[in-house]
Amino acid sequence: MLSNTYPTRCWKVLSVIALLILVHQIELSCSTSPCINLDLVVAVDTSSSCSQTQFDRLLSEVKALVSKFPIGPTKTRLALIGMSQTAQVLANFDDLTSLSDFNSAVDRLTMSSERAEISKGIKLARESVLNKARAAPTPRLLALVKDRQCAERITGSSDAELASIKSEVAVLKLTGNAVHAIGIGGLWNSRVLKAIFGTSYLLFKNNNKAMESVKSLNIKMCLPPTCKHSGQTVKPETCFAKSQHVLTFNVAGAFTSSKIGVCRQHIARSFQSCTEKQSCSKMERSLGSCQADGKLAILETLQFFDRKKQSCVTYVEKHKVDCSGARECKDQVADVVIMLDKSGSIHSKYHTVANSAKTIVESLNLGEKNVRIGVVTFNGFSTYVKSIMVVTDLLEMLVGLGDEFDKSKILTKIEKSRTVGKYRNTHTGHALKEVRKLFNSKGRKNVFKAVVIITDGSSNDAEVLYQTVSEIKNDNVTLYAVGVGKVTNYELRELNLITSPESDKNLFVFEKFEQLKPWAEKFSQRLCMELKPPNPKFCDADVQFKSISLCRFRKMHINMVNFKYDTSKRCIKHFKSEISETCKTTCVDPIDGSDHLEGESWTNMCHEFRCDSSGNTILPTSVRKCVAADFSCKPIGAAPFRCRNIDGEERENCQCIDKDGEAVLVVDNPN
């Protein structure tokens with residue numbers, strides 16, 4: 001809730017409190033930025049001590065309770081009331097100009113054997129003290145303090161007294177005052193607490209628990225001295241298809257209706273045109289140089305669109321490892337198949353393809369319970385028999401999935417594949433179909449599965465590939481594709497089809513085969529991140545992707561990925577791939593970059609969009625609703641409801657207000 005910057009002296013003062021009853025989340029404490037506008041009335045039950053020794057201790061602790069407040073006419077003003085069978089004002093606001101004045105007034109309190117009537121103390125505070133308090137927004141607080149309850153008075157107040165307490169508190173709150181009940185060394189009677197607070201109170205029976213909740217009266221009851229993100233911030237988000245979402249934050253200190261000081265956030269949303277298409281999907285892992293201590297730094301970068309924060313976010317984690325084991329990844333659990341194109345056009349450069357596969361294998365943590373690897377080469381040829389084309393696939397299983405864990409043996413088999421067999425056509429579709437069968441027969445359940453395809457051109461069995469890509473994605477298999485050489489637009493579209501909707505990070509295109517080596521080294525590091533269970537940040541942010549392929553064979557691929565927690569709270573990646581039998585124009589959502597079909601209307605973050613026949617996304621002319629924490633839409637005037645602040649954290653009591661005809665979300669955020 002608050003930073004841990006409170007000085008030791010504050011906690012020494014607070015340690016005198018053995019019991020705190022808290023209502024409406026208002027707390028009593030001292031602060032490094034003391035409240036300069038607070039009117040505090042301390043009403044002490046002088047009948048609650050069982051002995052003079054206890055009473056003397058009570059007076060000492062009442063003094064300590066306010067000892068760190070800055071006292072003065074323009075700062076904290078104090079008043080003191082004694083409560084027994086009657087109530088008496090020992091000092092009013094104008095009587096106390098220093099802490100020593102307050103302490104002198106406390107010394108005038110005398111112990112009473114008569115049970116106190118709390119209602120009289122509350123009424124006296126309202127009529128004779130708080131009526132002299134400063135006007136709003138100055139917070140006004142009545143603190144009711146009592147000592148350990150004695151056995152002969154443990155039964156508490158009568159029903160009539162409880163009714164009077166409840167009535168007096170209600171009137172007090174209607175006039176803008178807050179009430180606290182503080183116990184020193186013992187519990188308040190629960191019936192009295194309910195009369196004061198109803199059922200909404202927190203009861204702490206020991207110092208530690210009370211101290212956890214006691215941190216922030218001055219920050220809560222005063223305008224915060226500083227607010228995170230203070231001032232106005234205009235934040236253009238990722239540019240998707242010539243439009244981008246713009247968030248405007250205005251943050252400043254403010255008082256709630258309960259006179260609690262908060263950092264109030266006004267969050268407005270709009271759209272503007274942009275030119276440079278961008279991506280919001282990145283996963284990188286880089287190694288630093290080995291240092292004298294035998295360690296090196298590993299930097300891991302993760303970027304994605306966070307729906308809860310409504311923005312593109314980037315997380316960077318840095319940690320050190322031993323130089324000797326830095327390149328071999330740990331904690332990987334996955335089934336991985338590497339597919340190597342061995343067609344005729346790649347013949348003279350196949351050694352670079354094989355070497356890149358070896359680099360990937362060397363980085364993996366192979367084992368029965370870790371990474372199981374499979375390696376296949378693929379090509380094929382076509383012949384005509386009586387004018388009928390007959391297709392022959394030449395797929396070679398160099399390493400069956402999970403059949404070998406000795407890296408040296410696997411690397412030897414890949415090396416030997418340079419000279420074995422013939423190099424003919426590119427039958428990517430049939431090869432991927434066999435790999436799918438391999439996963440279904442030998443793959444493990446609930447384990448990340450991936451295929452890495454390295455090729456130099458488009459397939460000669462495109463229709464088979466088109467169907468198989470959709471099927472294997474629905475099996476929850478992630479596809480990576482590497483296109484090398486002079487890749488045409490046609491070939492690029494096929495590679496995009498294979499990797500969508502994650503093409504931004506899973507598709508790699510190079511002009512020269514020599515670029516495969518540095519790519520393989522970098523990609524191997526990224527696999528250290530990918531072959532572990534998905535980062536929980538994906539599920540926390542409700543990450544999802546959607547893409548629609550260009551028309552081919554009079555069909556379109558519609559691919560979706562999302563991340564959700566399963567019943568055991570593991571973050572799981574889910575694919576869904578469909579084939580549309582009709583072709584339409586597509587549009588792009590300017591908030592998250594997802595694709596939509598011509599004629600489709602959709603809602604994202606309470607904005608309503610429509611895709612027209614020319615492929616333009618029709619943007620809303622105005623924003624008339626605010627986004628709630630569960631992504632439901634709240635109309636202007638809605639309050640209170642749960643929402644998310646600038647940092648994506650859930651907050652209570654949010655409002656949706658109108659500002660110049662636009663909906664603005666108001667979030668009261670503790671700083």
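Criterion first (crowded, with 21+ Cβ neighbours inside 10 Å and part of a loop (DSSP other than H, G, I, E, B)) does F69 satisfy it?
So F69 fits the description; yes.
Please state which of the following conditions I21 fails to meet, knowing it meets all the rest: (1) part of a strand (DSSP E or B); (2) modelled with pLDDT of 90 or more.
So the condition that I21 fails would be (2).
As an exercise: evaluate V477 against (1) surrounded by 21 or more Cβ atoms within 10 Å (Cβ to Cβ); (2) touching a Ser or Thr at 6+ places or on another chain (Cβ under 9 Å); (3) farther than 24 Å from S345 by Cα and give the number of the one condition it does not meet.
(2)
Which of the numbered conditions does V361 fail, given that it passes all the others? Conditions: (1) assigned to a strand (DSSP E or B); (2) free of Cβ contacts under 8 Å to residues at least 60 places away in the same chain; (3) under 29 Å from P501 (Cα atoms).
Here V361 meets the rest and fails (1).
Determine if the range 577-588 includes at least one residue that is modelled with pLDDT under 90 and hydrophobic (A, V, I, L, M, F, W, C).
No: the range 577-588 contains no residue that is modelled with pLDDT under 90 and hydrophobic (A, V, I, L, M, F, W, C).
Look at the range 366-385 and say how many of its residues are buried (at least 16 other Cβ atoms within 10 Å of the Cβ) and either touching a Phe, Trp or Tyr at 6+ places or on another chain (Cβ under 7 Å) or among the polar types (S, T, N, Q) (or both).
4
Collect the residues in the range 106-150 that are of a type in the set (A, V, I, L, M), touching a residue at least 24 places away in the same chain (Cβ under 8 Å) and surrounded by fewer than 20 Cβ atoms within 10 Å (Cβ to Cβ), keeping them in residue-number order.
Those that are of a type in the set (A, V, I, L, M), touching a residue at least 24 places away in the same chain (Cβ under 8 Å) and surrounded by fewer than 20 Cβ atoms within 10 Å (Cβ to Cβ): M111, A136.
Would you call K308 in a loop (DSSP other than H, G, I, E, B), more than 30 Å from F381 (Cβ to Cβ) and under 22 Å from the mean Cα position of the chain (by Cα)?
Considered against the rule, which asks whether it is in a loop (DSSP other than H, G, I, E, B), more than 30 Å from F381 (Cβ to Cβ) and under 22 Å from the mean Cα position of the chain (by Cα), K308 comes out as yes.
Just a yes or no: is a residue in the range 563-583 part of a helix (DSSP H, G or I), acidic (D, E) and either surrounded by fewer than 17 Cβ atoms within 10 Å (Cβ to Cβ) or touching a Lys or Arg at 6+ places or on another chain (Cβ under 9 Å) (or both)?
Scanning the range 563-583 turns up no residue that is part of a helix (DSSP H, G or I), acidic (D, E) and either surrounded by fewer than 17 Cβ atoms within 10 Å (Cβ to Cβ) or touching a Lys or Arg at 6+ places or on another chain (Cβ under 9 Å) (or both).
Looking only at the range 396-406, decide whether some residue is in a helix (DSSP H, G or I), surrounded by fewer than 20 Cβ atoms within 10 Å (Cβ to Cβ) and modelled with pLDDT under 95.
Checking the range 396-406: not a single residue is in a helix (DSSP H, G or I), surrounded by fewer than 20 Cβ atoms within 10 Å (Cβ to Cβ) and modelled with pLDDT under 95.
Do the conditions hold for D647, that is, is it assigned to a strand (DSSP E or B), of a type in the set (D, E, K, R) and either under 26 Å from the mean Cα position of the chain (by Cα) or surrounded by fewer than 17 Cβ atoms within 10 Å (Cβ to Cβ) (or both)?
Judged against the criteria, D647 is not a match.
Against the definition (aromatic (F, W, Y), within 24 Å of S281 (Cα to Cα) and either touching a helix residue (DSSP H, G or I) at 6+ places or on another chain (Cβ under 8 Å) or free of Cβ contacts under 8 Å to residues at least 24 places away in the same chain (or both)), how does F439 come out, yes or no?
Answer is no for this residue.
Give me the residue from the range 213-244 that is at pLDDT 80 or above and part of a loop (DSSP other than H, G, I, E, B) and, out of that set, nearest to R134 (Cα to Cα).
For the range 213-244, the residue satisfying everything is C227.
Kindly list the number of the only condition in (1) farther than 30 Å from T585 by Cα; (2) surrounded by fewer than 14 Cβ atoms within 10 Å (Cβ to Cβ) that fails for T621.
Answer for T621: the failing condition is (1).
To keep it simple, each residue is scored yes or no on (1) of a type outside the set (D, E); (2) in a strand (DSSP E or B); (3) within 23 Å of F69 (Cα to Cα).
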| site | (1), (2), (3) |
| --- | --- |
| Q85 | yes, no, no |
| V89 | yes, yes, yes |
| S100 | yes, no, yes |
| N103 | yes, no, yes |
| T110 | yes, no, no |
| R115 | yes, no, no |
| K123 | yes, no, no |
| R126 | yes, no, yes |
| V129 | yes, no, yes |
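Identify the residue in the range 584-629 that is of a type in the set (A, V, I, L, M, F, W, C) and assigned to a loop (DSSP other than H, G, I, E, B) and, among all such residues, is farthest from Q655 (Cα to Cα).
L619
Can you work out which of the residues in the range 48-66 that are among the hydrophobic types (A, V, I, L, M, F, W, C) and more than 49 Å from the chain's Cα centre (by Cα) is surrounded by the most Cβ atoms within 10 Å (Cβ to Cβ)? Spell out how you get there, then give the answer.
First pass over the range 48-66, keeping only residues among the hydrophobic types (A, V, I, L, M, F, W, C): 50, 55, 58-59, 62, 64-66.
Within this subset, residues satisfying the condition of being more than 49 Å from the chain's Cα centre (by Cα) are 50, 55.
On the way: C50: 17, F55: 20.
Filtering first and then ranking leaves F55.
For the range 320-346, which positions are modelled with pLDDT under 90 and assigned to a strand (DSSP E or B)?
K320, V321, D322, S343
Quick test of your reading of the structure: I646 fulfils all but one of (1) modelled with pLDDT under 90; (2) more than 16 Å from K308 (Cβ to Cβ). Name the failing condition by number.
Unmet for I646, out of (1) modelled with pLDDT under 90; (2) more than 16 Å from K308 (Cβ to Cβ): (2).
State the number of residues belonging to the range 271-291 that are over 20 Å from L302 (Cα atoms), part of a loop (DSSP other than H, G, I, E, B) and hydroxyl-bearing (S, T, Y).
Of the residues in the range 271-291, 2 are over 20 Å from L302 (Cα atoms), part of a loop (DSSP other than H, G, I, E, B) and hydroxyl-bearing (S, T, Y).
The values are calculated or read from the model by the stated rules, or taken from the named source; none is laboratory data. Remember, it's a predicted structure, so these values are computed and weren't measured experimentally. Every residue, glycine as well, gets a Cβ built from its backbone with ideal geometry; the counts of neighbours run over all protein chains shown.
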